[in-house]
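The values are calculated or read from the model by the stated rules, or taken from the named source; none is laboratory data. None of the values given here were measured: they were computed from a predicted structure. Glycine gets a Cβ as well: all are built from the backbone with ideal geometry, and neighbour counts include every protein chain shown. Keep in mind that these areas ignore ligands, DNA and RNA; they rest on the heavy atoms of the full protein, side chains included. Shrake-Rupley method; radii C 1.70, N 1.55, O 1.52, S 1.80 Å.
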Amino acid sequence: MAKRKVAYRKRVQNRFSMFLVSLVVLLIIIVVAVKGVELHQKLDTLDAKAAQLNTQLEAEQKRAEEIEDFRTYTQTKRYAEEVAKDKLGLVYEGEIVFTEE
């Protein structure tokens, strides 16, 4: 009879131990799943931010190209003539200027 009680106790302890191990494994799986979802959300956010930054980079590169083109244009004789005519009112010798009244 004593052997039966000991065997029964061991079986109950074994079942309880298996229940605890299963519970711990289940909790670990839940934690990993939740963290995985959080990481996917963070990845989506960072992908959107990267796309936005790429768009800004392209716009800034285009702007830098336009500025470089303008810098090159301002160093030409044509630009100097336009500024002299428009802002300073200068004309070539013998040139006739017509103005509106």
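Brief remarks follow.
- Residues of the chain: accessible area per residue with a 1.4 Å probe, Å²: 100
- Both radii come from the Cα set of the range 14-59: Rg as radius of gyration, Rh as Kirkwood radius; their ratio Rg/Rh reads 1.49.
- Scattering profile of the chain at q = 0.15, 0.16, 0.22 Å⁻¹ [log10 I(q)/I(0), Debye over alpha-carbon scatterers]: -0.89, -0.93, -1.11
- Label-point separation in nm, V12 to E95, each point 7 Å along Cα→Cβ: 11.1
- Using the rule -39500 (n - 2.57) for each DSSP H run of four or more residues, divided by the residues of the chain, the 222 nm mean residue ellipticity is -30500 deg cm²/dmol.
- For the chain: lysine pairs under 29 Å (alpha-carbon distance), excluding those fewer than 8 apart on one chain: 6
- Summarising the label geometry, the points placed 7 Å from Cα in the beta-carbon direction at A80 and K35 lie 6.9 nm from one another.
- Radius 14 Å from Cβ of A51, net charge of other residues (Lys, Arg +1; Asp, Glu -1): -2
- Accessible carbon and sulfur surface of the chain relative to its total accessible area, %, 1.4 Å: 61
- Sparse packing (at most 15 other Cβ atoms within 10 Å of the Cβ) combined with a DSSP loop state is found for the following chymotrypsin sites (Phe, Trp or Tyr not before Pro) in the chain: Y92, F98.
- Charge dipole magnitude, Cβ of K and R +1, D and E -1 - the chain, Cα centre, debye nearest 20: 3240
- Multiplying the residue separation of I28 and T45 by 0.36 nm and removing their Cα-Cα distance gives an extension gain of 3.5 nm.
- Difference of contour (0.36 nm per residue) and Cα-Cα distance, K87 to L20: 15.3 nm
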